[in-house]
Amino acid sequence: MPTEPLRWKTRCDEPYELVAVTPLGSDLLPEPLRPRVLIHTVHDGDALPVEFLTRRDGSPISDPVELERRYIRERDWGANLVASKIASALGLGGYVRCNIARVLLDFNRFPGSTPPLNHDPLERLAINEPFASGLDHAQKLTLLERYYDQSSELIESSWLDGNLIMLGVHTYDERNQSQTIRPDISLVTCSHSYLRESRMPFGVFDPLYPDVLGESTCSRILRDRISLNCERTGFRVLHNHPYALPEGSIEVRAQVWYFFDYLRRRYIESHPETRHCPAHALVWLMLLNTNLRVHDAETLHGYLHRFRKLPEDEITRFQDAQAAYDRVVAFLDGEVLRDYRRSTERPSAIAMEVRKDLLCDFDSKTGRPLPLTEEQANRATVIGHTIASAIRIYFETDRSFG
């Protein structure tokens, strides 16, 4: 094993940032559509801030060799490269990148610390081993507030509104646990709970979110257009394989956020007198709290659906919010839901997995990634242009079909 540590960044001034790219290619989107497509990565970050690598007493959280092993295994090597190629081929200003290393904080999961002995990757929370057991309560609060919450605020304030397509780029291992070879690309558009039970998970998002919307986070026409283009180019594609989306993924959270944002706009159009109503504001805060991080939102959710007791001085406020919530429930009828489902303005969120071995080689002795080859760089360019071409065709010919 090498004695020199693997290089990662020990600071993370911007947990989420827009990375500029140069437009290049023949599949550039028309100017009006470019701000409505978001390409992003969440698991190819390389920052491990030094303050989280030791305990309060100064002892290391993890053996350096074990930490490096986990860092390499958890990272989506090559995802940033592919995302940059797609964004460039579409003519976008750039792609959005999470800079914090996944081994420290997984923004694609719900906030929290994964309990011991959990072995299901889809049921993990944002903080995993070795940090789940190595960091104390205060350090975990700081980690979530400084990076998870700041990332959430940036995404909601800068990169969610107005999108028609959100494409998250990931990479995965060459083989399944059974050692069968995975497809070159997997397009993931269904949540784990819906794929398993044909419904949204109970007790996570507000039950006002219709289960039928959980069947897909993305237009099936868009998904199939991307599949067709990739297959024609020589890439083997499957859907929702070998796993579906965890409920804490950006794709699932964004779909819930988009629907309740749409419902809020429709409701306020019909009831403009509620625009500045504190009770209604609290309801919308709860419905749009898809990251489960806002105290008042979680308190109202517990009061409405778990019948939790409140302090005496809070009862009137939350009773008013309950009355407002009941009005919103009554407003959501078949027409509103039908309009949303059929709207060409309904956003699509899709996760794309690309096999790591197509983009990166690893040293057989150390496990470390090797320098990018010309063949791998060219392959990333081909994938980028293939996806961009599919998105352009979707806008030009397919989107009108629903």
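The values are calculated or read from the model by the stated rules, or taken from the named source; none is laboratory data. Given the structure is predicted, the values throughout are model-derived calculations rather than measurements. Positions of Cβ are backbone-derived with ideal geometry, glycine not excepted, and every protein chain shown enters the neighbour counts.
Observations on the model:
- Candidate set: segment 239-265, residues that are over 23 Å from His43 (Cα atoms) and hydrophobic (A, V, I, L, M, F, W, C); chosen: the one surrounded by the fewest Cβ atoms within 10 Å (Cβ to Cβ): Leu263
- Whenever a residue of segment 383-402 is closer than 13 Å to Asp224 by Cα, its partners that are assigned to a helix (DSSP H, G or I) and at pLDDT below 95, lying with C-beta atoms within less than 7 angstrom and at least six residues away or across chains, give the pairs Gly402/Arg342.
- Listed by position, the helices (runs of 4 or more DSSP H) contained in segment 289-374 that have at least 3 residues being under 29 Å from the mean Cα position of the chain (by Cα), within 19 Å of Tyr262 (Cβ to Cβ) and at pLDDT 95 or above are 315-331, 334-342.
- Neighbours by Cβ (under 9 Å, 6+ apart or cross-chain): first from segment 124-140, in contact (Cβ under 8 Å) with a residue 12 or more places away in the chain; second of a type in the set (Gly, Ala, Ser) and crowded, with 21+ Cβ neighbours inside 10 Å: Arg124/Gly248; Leu125/Gly248; Ala126/Gly248
- The set of residues in segment 52-72 that are of a type outside the set (S, T, N, Q) and in contact (Cβ under 8 Å) with a residue 60 or more places away in the chain comprises Phe52, Arg55, Arg56, Ile61, Val65, Glu66, Leu67, Glu68, Arg69, Arg70, Tyr71, Ile72.
- Flag if Arg236 is surrounded by 15 or more Cβ atoms within 10 Å (Cβ to Cβ), touching a residue at least 40 places away in the same chain (Cβ under 8 Å) and out of contact with any Cys (no Cβ under 6 Å at 6 or more places or on another chain): no
- Residue count for segment 71-93 satisfying the condition of being among the basic types (Lys, Arg), part of a helix (DSSP H, G or I) and buried (at least 19 other Cβ atoms within 10 Å of the Cβ): 1.
- Test: residue in segment 197-211 that is surrounded by 21 or more Cβ atoms within 10 Å (Cβ to Cβ), among the hydrophobic types (A, V, I, L, M, F, W, C), in contact with a helix residue (DSSP H, G or I) (Cβ under 6 Å, 6 or more places away or on another chain) and at pLDDT below 95: yes
- Conditions (1) closer than 30 Å to Ser59 by Cα; (2) under 15 Å from the mean Cα position of the chain (by Cα); number of the one not met by Ala138: (2)
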